[in-house]
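Some notes on the structure that comes next.
The values are calculated or read from the model by the stated rules, or taken from the named source; none is laboratory data. Since the model is a prediction, treat every value here as computed from it, not as a measurement. Note that each Cβ is placed from the backbone with ideal geometry, even for glycine, and that neighbours are counted across all protein chains shown.
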Amino acid sequence: MLVLQAIIEGVLVGGFYALMAAGLTLVFGVMDIVNFAIGALIVLGAYLSYSITTHFHIDPFVSLIFTTPLMTALGMFIYVFLIKPIKTNKVVMSLLTMFAVATLIEGILDICYNSGFVQIHASYINNSLRIGKLNFPLIYVLSFLLSAFLLSCLYLVTYRTKFGRSLRASMQNPVAARLVGIDTDRVSMITLGIGIGLAAIGGMIFGTTNAFNASSSYDIISRLLVIVILGGFGSVGGALVAAIFMLVIQDVVAVVWSPVWGSTAFYMILMLVLLVRPQGLFGKKGVRAQ
Amino acid sequence: MSTDTTISQRPTPPSYEVPKAIRYGALTVGFLVLVIFPLVFNNPTISTIGVFAMIFLMAVTGWNIFSGYTGYIALGHAVFFGIGQYATAMLASYWQIPPGWETFLLIPVSMFLAGLAAIPIGLIVLRVRKHTFIVLTIALMFIFQLFAYNLRGWTGGSQGLEVSQPPWDGSIFNLPYYYVGLFLAIIAIVTSFMIRRSKFGLSLLAIRDDEDRARSLGINTRNSKLTAFVISAIFLGAAGCMYAMFVGSVYPQFSFDPAFDLELSIMAFAGGLGTILGPSLGALIISGAQQYFLITFGGANVFLIVYGALFILILRLLPGGVVPAISDKWRSHVVRKEQRILDSELEGPAEAGAHK
Amino acid sequence: MTLLGVEGIVKNYGGIQALRNCTMNFQEGAINGLIGPNGSGKTTLFNVMTGYETPDSGKVTFRGKDITNSTPDEVFAAGIGRTFQLTRIFPRLTVIENVHIAAQRKGLVAQMRQWSQPDERARALESLDFVGLTKLSREPAGSLSYGQQKLLEFAFIMVAEPKVMLLDEPAGGVNPTLLKHLGGRIKELNKTGVTFIIVEHDMEFVMGICDQVSVMHQGSALLEGKPEIVRNDPAVLEAYLGTDMTEVN
C-alpha cells in the first residue's frame, strides 16, 4: 500500500519536474543553450510568489498573474543582453553565462531573504485528498493538474500555431529557417521568455510543496539536468517520461529502503543508463562523419 | 617544378610569438615575486591569501590541461578536489597521522587516489560531447556530494570531518603550506608546458578543433582525452589535499561545491583558456581578489554576486582572455613591421632583384 | 594487383538503400576515378572504406586483410588517408601544427616528446613546400582561403605517407589555377607509388588525370574502365541523364 502511495506521489511530483524539464529542453532545442540558471530562476519565482502571498495575502495561484509576466520579461532581457551578443563558441559561452546568472541570482536572494528556510502558505496547504486508503496532499494534486494543463498548452503552441511552426523550424535547422524568412532571433527571445516564465510557475509549485532557501536551486538543477540527460537532450517526450520515471523510483526507494538513498538511486540509474546508451534513453545518436 | 625551389629557398616566415627574452624575463620576475611574497608580507592574513592562491594555481592549471587543451569544459572537477579533501581527512585519522610535517605525505596519496578515480569517471563522461558532457560532469559532482552526505560512517555526513592542525606558531604557520603549494603549482605549470609542447598536447588541441578529423588522422582520441583527464584530476587531488590540511575541516557542500568549478572556469577564461600561463594569471588575480572580498565583506553572498557579475563581464568583454589578447597585440605589431619591410622592398626593386 | 577492395557491401539508412551489393576493386599504383550521379553512394562508400560507417553486410579488404570493422584511426594508421567533401582542417592551430598532427607515433613515451621533432619537421616542411604553403606555415589555418585549406588537407595527409589517398571532390570550389597545381601534385605523388581514389564531378579533371574510372549508379558499380571508354559508354550517359529525367518527371 505504501509503495502504491509512493508511486502515485512520484507521478504527481514528477509532473512538476516534467514541466520544468520541458522548458529546459525547449530552450536547448531552439538555441543550443543549457539554461543552467533554471534552478536559481525557479527559486526566484518561489520567492516572488512568497513575497506576494505574505505581503498582500493573495492566494499563491493568483500570484502567478504577477510573477509570470515579470519572469517572462526577465527571460527576454537575458536573451537580448546576455545571450544574443555571444558570437563565438556559443554552446560553452552561453552555458557559462547562465551559470554566472545563476550565481548572481543566488547571491542576491541570499542577501534579500537571508538563508533561513521558508514555505509559501495558503489556507488549504495542509488539506489532503482521500481516495480509499490512500492519502494525498491536496497541493500535490493541484500542482500536478496545473503542470499537466501547462504541458498541454505547450504542446498546442508548438504543434498548432504559426509561432510553433517557426519554433520547430528553428529547432531543426536554424540556417534554413532564417533563409525562409523566420526571424530566429525573435523566436529565440520568445522561447527563452517562455522557458523562464514557466520557472515562475514552477517556482510557485516548488515553494508550496517544499521549504526552500536560496541554495535550494542546486537541488532542483541537479535533478533537472539528470532528467534531461536521461531523456535525451532536446526530446520533450523523453523529458516527460524520464521525469516521472525518476521521481517514482526515488519515492519508492525512499519508502522501501531509506529516504537518504532516494536521490542517490536517481543518480545511479543515470550512470547505468549512460553506460549502455550515452545519448540518453530517447536521444538521437550524433552523426559521426561530416 | 621551378616554383617549388623558389618556395623552399624563401626565408622562414617571422615568428608571431612574443620573443623568448621577454617571455622568460617575465616568467623569472613572476617566479621571484611568488617566492619572496610571504617573506615580505609576513602578516598571516595576507599570507593566507597567498596559500589559497597557490591552491587555486595548481587546481586551475590542472583543470586547463584537460578542459583548456581539449575544449571539453568540465564543470565537475570539484569531484577530484573533494576526493583529495576526503582522502586526506579520512586517511589522516585512519592512519592516525600526528599533525605536523607527516601530514604532507598524504599529498601523493591524494593525487594517486584522485587520478585513480578519474579513470572510471572519465570512461563514462568522455563518451559524450559538448553540452551533454558539461551537464554530465555537473551531475556527477552532485552524485559525489550526495555520497558524502549519505555515507555517514566514513564521511561524517553533514557533520563533516576534521583534520587536526599542527601546533605551529601563528607567525610562521602559513609558510610550509605556501611553499609546498608553490612547489606543486610549479610542477603543474611545468607539466602543462611539457604537454603543450608534446605530440600528445598537439593531439589534444586537434581534438579541440575537430575531434572526428583528429580521429581520422590516426589519433586515438579516447586514450588521449582520458590521459589528459587523469593528469588534470591528479593536480586537483593535490589541491584538495592542501585545502583540507590548511582549512582543517571538510564538509560535503564545500568539498563538492558547484561554485568551485565556476571559479576555476572564470580564472581560466579571464587569463586565457588553453594557454599555458593564462589560467595561472587568472588564478592569482581572481583568488587574491576573492579572499580579499571574503575578509572585507565577510558574507559569501556578496562574493557570489561579485563572481557572477565579473564572469558575465569577462565573457562579454574579453572572451579570449588576457594572455591571447596580449599575443594578438604582439602579432599585429609584427605584421605591421613586416608590411613596412615589404613596402620598402617594393620601392627598391633593383635591390630585391640583386638577391636572386 | 588489388590494393583496396569492397565486396558485396550493403548499407541502409532507414528505408533508403545507400549501397546495394557494391563490389569494387582499386588497383595498386593507379589513379582511380569514382564517378556517378548525385546520391549514387560515392561518399557513403568512402565512409565505409575509412571506418566512419559500418556496413550492414559485405567486406572491405586492404592488401587482402579484412578491415571492415576498423575505426577511422586504425584505418588511417594502416595507410589509408582521406579528405572530406567539405574540407576539414584544424582552424585554430597554425598551418605547420596542422601538418604535424598526422605524423604517426607509437607509444606513450614518443607521444610525450616535443611535437616538432627534427625528422618530422623536415617531412612537414617538405610536404608544405610540395603544395606551396610554406610561407603561410605560421598562420592560423582558419585564416587560409578555401582552396588553400584543400591544399593543406592534402599536405597533412601526405605527411603520414599513406599508401592510398581517398579524395572526396578535391576540385569542388577550387579555382582553375590551383586545380591545375593540385592535379600536378597528385600525378607526382602517384609516380612515387601512392594510389589514389578520387570522387569528382568535374569530368575534365577526372578524365585528364585518372588511369581507371569506375562508375557508380544507385548504390552499386555500373562499370569500370579506361577514361576514354567510360566517357563514350551509353550506359554512363543514361545513368547521369536517366536519373535526372525521372527526377524531373
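Of all residues in the range B:235-251, those being buried (at least 24 other Cβ atoms within 10 Å of the Cβ) and assigned to a helix (DSSP H, G or I) number 11.
Only one residue in B:Thr45, B:Thr103 is buried (at least 17 other Cβ atoms within 10 Å of the Cβ), polar (S, T, N, Q) and at pLDDT below 90, so which one is that? Just one listed residue meets the conditions, B:Thr103.
From the list A:Ile139, A:Ile120, A:Ile86, A:Ile105, which residue is crowded, with 21+ Cβ neighbours inside 10 Å and not in a helix (DSSP H, G or I)? If you could, list the steps in order and put the result at the bottom.
Working: A:Ile139 fails: not in a helix (DSSP H, G or I); A:Ile86 fails: crowded, with 21+ Cβ neighbours inside 10 Å; A:Ile105 fails: not in a helix (DSSP H, G or I).
Selected residue: A:Ile120, the only one of A:Ile139, A:Ile120, A:Ile86, A:Ile105 that is crowded, with 21+ Cβ neighbours inside 10 Å and not in a helix (DSSP H, G or I).
Beta carbons closer than 9 Å, at least 6 apart along the sequence or on distinct chains, pair a first residue in the range C:31-51 that is of a type in the set (Phe, Trp, Tyr) with a second that is not in a loop (DSSP other than H, G, I, E, B) for C:Phe46/C:Leu34; C:Phe46/C:Arg82; C:Phe46/C:Leu166; C:Phe46/C:Asp168; C:Phe46/C:Ile197; C:Phe46/C:Val199. Residue check, A:Val248 against (1) touching a Gly at 6+ places or on another chain (Cβ under 8 Å); (2) closer than 21 Å to A:Gly195 by Cβ, all met but one. Which one? With respect to (1) touching a Gly at 6+ places or on another chain (Cβ under 8 Å); (2) closer than 21 Å to A:Gly195 by Cβ, A:Val248 is out only on (2). Within the range C:1-17, being surrounded by 21 or more Cβ atoms within 10 Å (Cβ to Cβ) and at pLDDT 85 or above holds for C:Leu4, C:Val6, C:Ile9, C:Lys11.
Condition first: over 21 Å from the mean Cα position of the chain (by Cα) and not hydroxyl-bearing (Ser, Thr, Tyr). Can you find one or more residues in the range C:67-84 that meet it?
We begin by selecting, within the range C:67-84, every residue over 21 Å from the mean Cα position of the chain (by Cα); these are none.
Scanning the range C:67-84 turns up no residue that is over 21 Å from the mean Cα position of the chain (by Cα) and not hydroxyl-bearing (Ser, Thr, Tyr).
The rows are residues; the columns are (1) within 21 Å of the chain's Cα centre (by Cα); (2) modelled with pLDDT of 80 or more; (3) part of a helix (DSSP H, G or I).
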| residue | (1), (2), (3) |
| --- | --- |
| B:Asn301 | no, no, yes |
| B:Leu310 | yes, yes, yes |
| B:Gly320 | yes, no, no |
| B:Lys329 | no, yes, yes |
| B:Gln339 | no, no, yes |
| B:Glu345 | no, no, yes |
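Working carefully through the options B:Leu262, B:Leu294, find the one that is part of a helix (DSSP H, G or I), under 27 Å from B:Leu161 (Cβ atoms) and over 20 Å from the mean Cα position of the chain (by Cα). Talk me through it step by step, then tell me what you get.
On the way: B:Leu262 fails: over 20 Å from the mean Cα position of the chain (by Cα).
None of the others qualify; the one that does is B:Leu294.
Looking only at residues in the range C:116-152 that are of a type outside the set (S, T, N, Q) and assigned to a loop (DSSP other than H, G, I, E, B), the one that is surrounded by the most Cβ atoms within 10 Å (Cβ to Cβ) is C:Leu133.
Taking (1) part of a loop (DSSP other than H, G, I, E, B); (2) buried (at least 17 other Cβ atoms within 10 Å of the Cβ); (3) facing chain B (nearest Cβ under 8 Å) in turn, C:Thr87 satisfies each apart from (3).
The set of residues in the range C:90-115 that are more than 7 Å from chain B (Cβ to nearest Cβ), among the hydrophobic types (A, V, I, L, M, F, W, C) and assigned to a loop (DSSP other than H, G, I, E, B) contains only C:Ala103.
Report, by residue number, each residue of the range B:80-106 that is among the β-branched types (Val, Ile, Thr) and within 21 Å of B:Phe260 (Cβ to Cβ). Steps first, answer last, please.
The initial filter retains those residues of the range B:80-106 that are among the β-branched types (Val, Ile, Thr), namely B:83, B:88, B:97, B:103.
Result: B:Ile83, B:Thr88.
If the requirement is being over 21 Å from B:Ile83 (Cα atoms), in contact with a strand residue (DSSP E or B) (Cβ under 9 Å, 6 or more places away or on another chain) and in the same structural domain as B:Ile55 (by TED's automatic domain parsing), which of these qualifies: B:Arg197, B:Arg215, B:Arg222, B:Arg208? Can you show your working first?
Working: B:Arg215 fails: in contact with a strand residue (DSSP E or B) (Cβ under 9 Å, 6 or more places away or on another chain); B:Arg222 fails: in contact with a strand residue (DSSP E or B) (Cβ under 9 Å, 6 or more places away or on another chain); B:Arg208 fails: in contact with a strand residue (DSSP E or B) (Cβ under 9 Å, 6 or more places away or on another chain).
Residue meeting the stated conditions: B:Arg197.
Within the range A:157-177, the set of residues being among the polar types (S, T, N, Q) and surrounded by fewer than 14 Cβ atoms within 10 Å (Cβ to Cβ) comprises A:Thr161, A:Gln172, A:Asn173.
Return the residue satisfying two criteria in turn: it lies in the range B:134-153 and is more than 9 Å from every other protein chain (Cβ to nearest Cβ) and under 21 Å from B:Gly76 (Cβ atoms), and of such residues it is modelled with the lowest pLDDT. Please lay out each step first, then the result.
We begin by selecting, within the range B:134-153, every residue more than 9 Å from every other protein chain (Cβ to nearest Cβ); these are B:137, B:144, B:148, B:151, B:153.
Checking the rest, the ones that are also under 21 Å from B:Gly76 (Cβ atoms) come to B:137, B:144, B:148, B:151.
Values: B:Thr137: 88, B:Phe144: 89, B:Ala148: 89, B:Leu151: 84.
Result: B:Leu151.
Evaluation of C:Leu45 against the conditions (1) over 14 Å from C:Ala18 (Cβ atoms); (2) buried (at least 24 other Cβ atoms within 10 Å of the Cβ) shows that the sole unmet condition is (1).
(1) more than 13 Å from every other protein chain (Cβ to nearest Cβ); (2) within 26 Å of C:Asn38 (Cα to Cα): which one isn't true of C:Lys163, the others all being true? Looking at each condition in turn, C:Lys163 falls short on (2).
Total residues in the range A:100-118 satisfying the condition of being at pLDDT 85 or above and facing chain B (nearest Cβ under 10 Å): the figure is 13. With respect to B:Arg316, is the statement that it is in contact (Cβ under 8 Å) with a residue 60 or more places away in the chain, assigned to a helix (DSSP H, G or I) and not aliphatic (A, V, I, L, M) true? Spelling it out, it is not the case that B:Arg316 is in contact (Cβ under 8 Å) with a residue 60 or more places away in the chain, assigned to a helix (DSSP H, G or I) and not aliphatic (A, V, I, L, M).
Residue-wise test of (1) surrounded by 19 or more Cβ atoms within 10 Å (Cβ to Cβ); (2) part of a helix (DSSP H, G or I); (3) within 14 Å of another protein chain (Cβ to nearest Cβ).
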| residue | (1), (2), (3) |
| --- | --- |
| B:Pro167 | no, no, no |
| B:Ser171 | no, no, no |
| B:Pro176 | no, yes, no |
| B:Ala185 | yes, yes, no |
| B:Val190 | no, yes, yes |
| B:Arg196 | yes, yes, yes |
| B:Leu204 | yes, yes, yes |
| B:Ile207 | yes, yes, yes |
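Conditions tested, residue by residue: (1) within 14 Å of chain A (Cβ to nearest Cβ); (2) under 30 Å from B:Arg208 (Cα atoms).
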residue	(1), (2)
C:Ile31	no, no
C:Asn38	no, no
C:Gly51	yes, yes
C:Ile67	no, yes
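Looking only at the range C:180-201, which residues are surrounded by fewer than 20 Cβ atoms within 10 Å (Cβ to Cβ) and among the acidic types (Asp, Glu)? The one that is surrounded by fewer than 20 Cβ atoms within 10 Å (Cβ to Cβ) and among the acidic types (Asp, Glu): C:Glu188.
For (1) within 23 Å of A:Ser263 (Cα to Cα); (2) assigned by TED's automatic domain parsing to the domain that holds B:Ala233, each residue gets a yes or a no:
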{"position": "B:Pro98", "(1), (2)": "no, yes"}
{"position": "B:Thr103", "(1), (2)": "no, yes"}
{"position": "B:Val109", "(1), (2)": "no, yes"}
{"position": "B:Leu113", "(1), (2)": "no, yes"}
{"position": "B:Leu116", "(1), (2)": "no, yes"}
{"position": "B:Val135", "(1), (2)": "yes, yes"}
{"position": "B:Glu162", "(1), (2)": "no, no"}
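Table: residues versus (1) buried (at least 21 other Cβ atoms within 10 Å of the Cβ); (2) in contact (Cβ under 8 Å) with a residue 40 or more places away in the chain.
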{"site": "B:Gly122", "(1), (2)": "yes, yes"}
{"site": "B:Leu140", "(1), (2)": "yes, yes"}
{"site": "B:Tyr149", "(1), (2)": "no, yes"}
{"site": "B:Arg152", "(1), (2)": "no, no"}
{"site": "B:Ser158", "(1), (2)": "no, yes"}
{"site": "B:Leu161", "(1), (2)": "yes, yes"}
